[in-house]
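The structure appears below as structure tokens.
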Amino acid sequence: GGGGGFSSWSSSGLLPMLEPYPLIDASAFESCWSGSSDRSAVFHASLRASPSPDEVELALTHAGLVCIAAGAVGEVHKSYYAAQLRPHARGGGEWLMLELIVQLHARAVQASFRASAEGWLSQTIEHFVPVLARAIDAELHRADATR
């Protein structure tokens, strides 16, 4: 193990800057999400076992994300999460977002991260990807960065 100083920074570096109880309704989230499409990164993972959505949500909540909406259509479970930077933090008030799609039968995960402000996507990824990888017990691979 031990991933050096980088991983220890990312586990705690962003959390103190996040609002503990961000408030955003689904429609505000939706417009924020669609407005951030040029600041997004998509990750994929193959699962050994289907994770419990509740456990995944708990892990992400501990890391500072709040579940905005979640639901299943057939074998596909989708959930949306948001975190907000505290007003006094650099970039205060900006939103960090995640769309998580779990295909239960295919045991596949797609995680799309977005940031409402330039420069926050990489920190969003550094902070939340390891948390999500642990929660689903799988390695996340970044999808092709071209669009």
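Values as computed for the structure displayed
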| read-out | value |
| --- | --- |
| Failed criterion for Ile101 (all others in (1) assigned to a loop (DSSP other than H, G, I, E, B); (2) among the hydrophobic types (A, V, I, L, M, F, W, C); (3) without any contact (Cβ under 8 Å) to a residue 40 or more places away in the chain hold) | (1) |
| Any hit, region 79-87, residues being in contact with a Leu (Cβ under 7 Å, 6 or more places away or on another chain), among the basic types (Lys, Arg) and outside any strand (DSSP E or B) | yes |
| Filter result (in a loop (DSSP other than H, G, I, E, B), closer than 19 Å to Ala83 by Cα and in contact with a helix residue (DSSP H, G or I) (Cβ under 9 Å, 6 or more places away or on another chain)) within region 114-147 | Ser116 |
| Any hit, region 25-41, residues being touching a residue at least 12 places away in the same chain (Cβ under 8 Å), surrounded by fewer than 16 Cβ atoms within 10 Å (Cβ to Cβ), farther than 15 Å from Phe128 by Cβ and touching a strand residue (DSSP E or B) at 6+ places or on another chain (Cβ under 6 Å) | yes |
| Residue that is nearest to Pro20 (Cα to Cα), among those in region 83-107 that are modelled with pLDDT of 95 or more and surrounded by fewer than 20 Cβ atoms within 10 Å (Cβ to Cβ) | Glu99 |
| Residue count for region 88-104, restricted to those that are acidic (Asp, Glu) and in contact with a Leu (Cβ under 7 Å, 6 or more places away or on another chain) | 1 |
| Any chance Arg90 is out of contact with any strand residue (DSSP E or B) (no Cβ under 8 Å at 6 or more places or on another chain) and either outside any strand (DSSP E or B) or in contact (Cβ under 8 Å) with a residue 60 or more places away in the chain (or both) | yes |
| Count of residues meeting criterion [crowded, with 19+ Cβ neighbours inside 10 Å and at positive phi] in region 48-82 | 1 |
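The values are calculated or read from the model by the stated rules, or taken from the named source; none is laboratory data. Since the model is a prediction, treat every value here as computed from it, not as a measurement. In this analysis, Cβ positions are derived from the backbone assuming ideal geometry, glycine residues included, and neighbour counts consider all displayed protein chains.
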